[in-house]
Amino acid sequence: MTTSQASAPDGPAALRERYRLERERRVRPDGARQYRDTDAEFGYYAADPYAGEPAGREPLHDIVDVAVVGGGFGGILAGARLRQQGVERVRIVEKGGDFGGTWYWNRYPGIHCDIESHVYLPMLDETGYVPEWKYSPGEEIRRHAMRVARKFTLYTDALFSTAVTSLAWDEASGTWTVSTDRGDAFRATYVVTATGTLSEPKLPGIPGIEDFRGHTFHTSRWDYAYTGGTPDGGMTGLARKRVGVVGTGATGVQVIPMLAEDARHVHVFQRTPSTVDVRANRPTTARDVGADHDGWARERRENYLRIVSGETAERDLVADRWTMSAHLLEKLLPSFRRQGDRKVFEAAYEAADAAKMNELRTRVEQTVTDPDTAEKLKPWYRYACKRPTFSDRYYPAFNRANVTLVDTADTHGIERVTEHGVVVGDTTYELDCLIFATGFSVGTSGIHSGKLPVHGRGGAQLLHTWARQGPRTLHGFTSNGFPNLIQMGTLQNASSVNFTHILDEQAVHAAALVAAAEAEGALIEPSRAAEDAWLAVLAEDAPDHEWFHAECTPGYYNREGRGRPNGPIAYPHGAYAFHELLRRWREESMAGILRAGNGNSPRRPGR
Ligand code: NDP
């Protein structure tokens, strides 16, 4: 018997009660309202720390074939797939100073992707690039984003350091007017929105947060001018500094071991411990990953998606902790459906979950030498309640004399920030630097944020229309009343942990829609009947996981403890099946999507 099993509550009922009590320690009445945006009022805030002040340029009033909003992997892949369909003028508009999206903004020390690089990096077959590590550092991923953009000549028409401020459909010309914060008002026959899902950094609304007189910043705007060093470490600027870190999610788990090496002292302010599983990063060769034939990366990626979507596969090519725990992640997936007797299934699931969580709690005990610290680092919730993390350096960092773990669960997080430090309970921790690894607002970017109004036919605003009747789409991409507008994202389609794969399938689909519209001289606009039919598909097998998330410890998966609503928010059978469905639909019918155009499009004179 392991020590953890010995100290674990006795039996499923006792474990459930322990989970409930731990949840109660963390749920707050203000839920998601506890957070605020980062903005220019807060600490070190550079609009773009990497590009500096953007160079001046004349506003554009020209016309392009496709405007793509966002230059992360979604926008890049949309551009690449449009190029493959022969589309010439693709203009990607991006807030940052270059391509990369999340990998442009996040450059904190230790940044890596914890999805295997050979499935995460898209277009490996097309670019001939083979990553050399199982898990890539952020800079390699950012450079790959730029490589794909170069290969498909996406720099030619791109606009950087530019934010789209509105999209408006013009019935007479059959084009969209794309307005930006640089005074542009250019036209585009089609618009693809690829604005990301976790891109707006958020801060806890801790009383006094603005009073702190030391240095402070959010991990997605790392201030290397203050810390010194690079994403590989060497932060000599911290050698004499007392550093506080708020947040122990996927970012905190990567940052904290790096800070531990370089700072005089690190205080880790933890509210909920993450699960931290084995990472086992290692160099890989082309032979290891089977990169010896055309299509190797596509096959590997499909195999991975199959397994993490809960489908069966003959072999597990990636064989990492995501694929090994795939059955436990079912609760995260819309594809989760109970089979057979509900009670039997639940009992089996609960036992498997308890075994996994015991294994993870044992890992803490076996690594962290101070028993009190080890106890605080143990996660007490079901595996799928929070995003799993992976590190072989996180727990050992707590054995260092210069690292202190401060548990803030009983006070629902840090209570107060003062001019000189952080208050938790009776103790004030004096700090020179306070770093927020507190994540991102969920679902508030791009056209769903309200900051980027989209006016369709007759001036109707997309969000106003949806507020009245609920979101309506065909396959999540297109909506009636908003012709030639294609949305990439997670609404009413399907998602998975390997998000670049999801984006690539969406990009293929978007490009196919544009190609079909061009071939037919038609508009891309689903009929109301096609939207109704899609909503019916989503509703038919909508997952019943509300209860599960309502019992989970709070976090962004369950709206900070409120639970995740049941209902038709995503395709219920998972991403793998969704991709199959889209492929079939494209090959067989493309039913309900093309509508006769008005013949006024400047790209189709006379049609
Ligand atoms: P998260 O939202 O996952 O974590 C935020 C952290 O801040 C949590 O630990 C949270 O605690 C803590 N926190 C918030 N408010 C307070 C407070 N008042 N007092 C104390 N602690 C507080 O953000 P991350 O940046 O870590 O990750 C965001 C997402 O980005 C991930 O879920 C993942 O999808 C992605 N990511 C992916 C990586 C990859 O390798 N692929 C790497 C890094 C990020 P609590 O849990 O109690 O709310």
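The values are calculated or read from the model by the stated rules, or taken from the named source; none is laboratory data. Just so you know, these numbers come straight off a predicted model, no measurement behind them. Ideal geometry is used to build each Cβ from the backbone, glycine not excepted, and the neighbour counts take in all protein chains shown. The protein model used for the area step is the full one, side chains on, heavy atoms only, and it has no ligands, DNA or RNA in it. Shrake-Rupley method; radii C 1.70, N 1.55, O 1.52, S 1.80 Å.
In table form, for the structure just shown:
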| item | result |
| --- | --- |
| Accessible area of the stretch 275-320 belonging to carbon and sulfur atoms, whole % at 1.4 Å probe | 44 percent |
| Within-14-Å neighbourhood charge of residue 281 [Cβ basis; K, R +1; D, E -1] | -4 |
| Surface accessible to a 1.4 Å probe, residue 496 within the full protein complex, Å² | 20 Å² |
| The chain, helix-only ellipticity at 222 nm - DSSP H runs n ≥ 4, -39,500 (n - 2.57), divided by all residues, nearest 500 | -9500 deg cm²/dmol |
| Under the Karplus curve 6.51 cos²θ - 1.76 cosθ + 1.60, θ = phi - 60°, whole-Hz ³J(HN,Hα) for the stretch 517-528, x wherever Gly or Pro sits | 5, 5, 5, 8, x, 10, 9, 8, 7, x, 6, 4 |
| Accessible-area ranking of 146, 324, 235, largest first, probe 1.4 Å | 324, 146, 235 |
| FRET efficiency estimate (nearest 0.05) - Cβ-Cβ, residue 25 to residue 426, R0 25 angstrom | 0.90 |
| Gained length - residue 236 relative to residue 278, 0.36 nm times residue gap less alpha-carbon distance | 12.2 nm |
| Set of lysines near residue 343 by C-alpha distance (under 22 Å), chain-local residues within fewer than 8 positions excluded | 331, 356 |
| Lysines whose Cα lies under 29 Å from that of residue 451, excluding same-chain neighbours fewer than 8 positions away | 95, 202, 386 |
| Cβ-based net charge around residue 33, under 15 Å, with every Lys or Arg adding one and every Asp or Glu removing one | +2 |
| 3J(HN,Hα) from dihedral phi, the stretch 361-366, Karplus parametrisation 6.51/-1.76/1.60, rounded to Hz, x for glycine, proline | 5, 5, 4, 4, 4, 6 |
| Euclidean distance of C-alpha centroids, the stretch 35-103 and the stretch 431-506, integer Å | 16 Å |
| Residue 140 accessible area, assembled protein chains, probe 1.4 Å, Å² | 30 Å² |
| Contour excess over end-to-end distance, with Cα ends at residue 411 and residue 533 and 0.36 nm allotted per residue | 39.1 nm |
| Mean accessible surface per residue for the chain, computed with a 1.4 Å probe while every protein chain stays in place, in Å² | 40 Å² |
| Accessible-area value, residue 35, 1.4 Å probe, nucleic acids and ligands omitted, Å² | 50 Å² |
| Surrounding net charge for residue 249, when Lys and Arg each add one and Asp and Glu each subtract one, Cβ distance under 13 Å | +3 |
| Contour minus Cα-Cα distance for residue 51 and residue 589 (0.36 nm per residue) | 189.1 nm |
